[in-house]
Amino acid sequence: MFIRSAGPVAYWRPAQGERHALSPEQRPYPGQAREALCGLRLTVTEPTDCDWFAETCSDCLIRAKALRDAREQA
């Protein structure tokens with residue numbers, strides 16, 4: 001089976017001590033106010049290298065996996 005990539009399933013950005021998934025419809029830029037897949041409202045920042053070591057938001061991960069699975073089924 002060949003799965004054609006249609007871009008990212010989500011953009012991941014650190015915020016409030018966790019990595020959160022953002023909708024792939026718009027690339028995140030520092031200063032933007034966005035809503036993560038889990039519903040958290042955040043302002044996108046320029047992440048540091050250490051920010052990427054934060055835990056992944058479990059709600060965002062579940063929703064991102066569901067988006068990935070839906071894409072693969074289409």
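A few notes on this one:
- The single condition from (1) assigned to a loop (DSSP other than H, G, I, E, B); (2) more than 25 Å from ALA74 (Cβ to Cβ); (3) at pLDDT 95 or above that PRO47 fails is (3).
- Restricting attention to the stretch 36-60, the residues that are within 13 Å of the chain's Cα centre (by Cα), open to solvent by less than 70 Å² (accessible area, probe 1.4 Å) and within 18 Å of PRO8 (Cβ to Cβ) add up to 8.
- Qualifying position, being free of Cβ contacts under 8 Å to residues at least 12 places away in the same chain and among the aliphatic types (A, V, I, L, M), among ALA74, ALA64, ALA10, ALA54: ALA74
Residues checked against (1) buried (at least 18 other Cβ atoms within 10 Å of the Cβ); (2) in a loop (DSSP other than H, G, I, E, B); (3) β-branched (Val, Ile, Thr); (4) out of contact with any strand residue (DSSP E or B) (no Cβ under 6 Å at 6 or more places or on another chain):
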position	(1), (2), (3), (4)
VAL9	yes, yes, yes, yes
PRO30	no, yes, no, yes
ARG34	yes, no, no, no
ARG71	no, no, no, yes
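- Just one residue in the set ALA66, ALA33 is touching a Leu at 6+ places or on another chain (Cβ under 8 Å) and more than 12 Å from ARG19 (Cα to Cα); that residue is ALA33.
- Just so you know, in the stretch 13-28 the residues that are assigned to a strand (DSSP E or B) and of a type in the set (Gly, Ala, Ser) include one that is most open to solvent (accessible area, probe 1.4 Å), and it is ALA15.
- Unique residue being assigned to a loop (DSSP other than H, G, I, E, B) and of a type in the set (A, V, I, L, M, F, W, C) when the list is CYS38, CYS60: CYS38
The values are calculated or read from the model by the stated rules, or taken from the named source; none is laboratory data. Note that this is a predicted model, so its numbers are computed, not measured. A quick note on method: Cβ atoms are made from the backbone with ideal geometry, for glycine too, and the neighbour counts reach across all protein chains shown. Please note that ligands, DNA and RNA were not included when accessible areas were found on the heavy atoms of the full protein model with its side chains. Shrake-Rupley method; radii C 1.70, N 1.55, O 1.52, S 1.80 Å.
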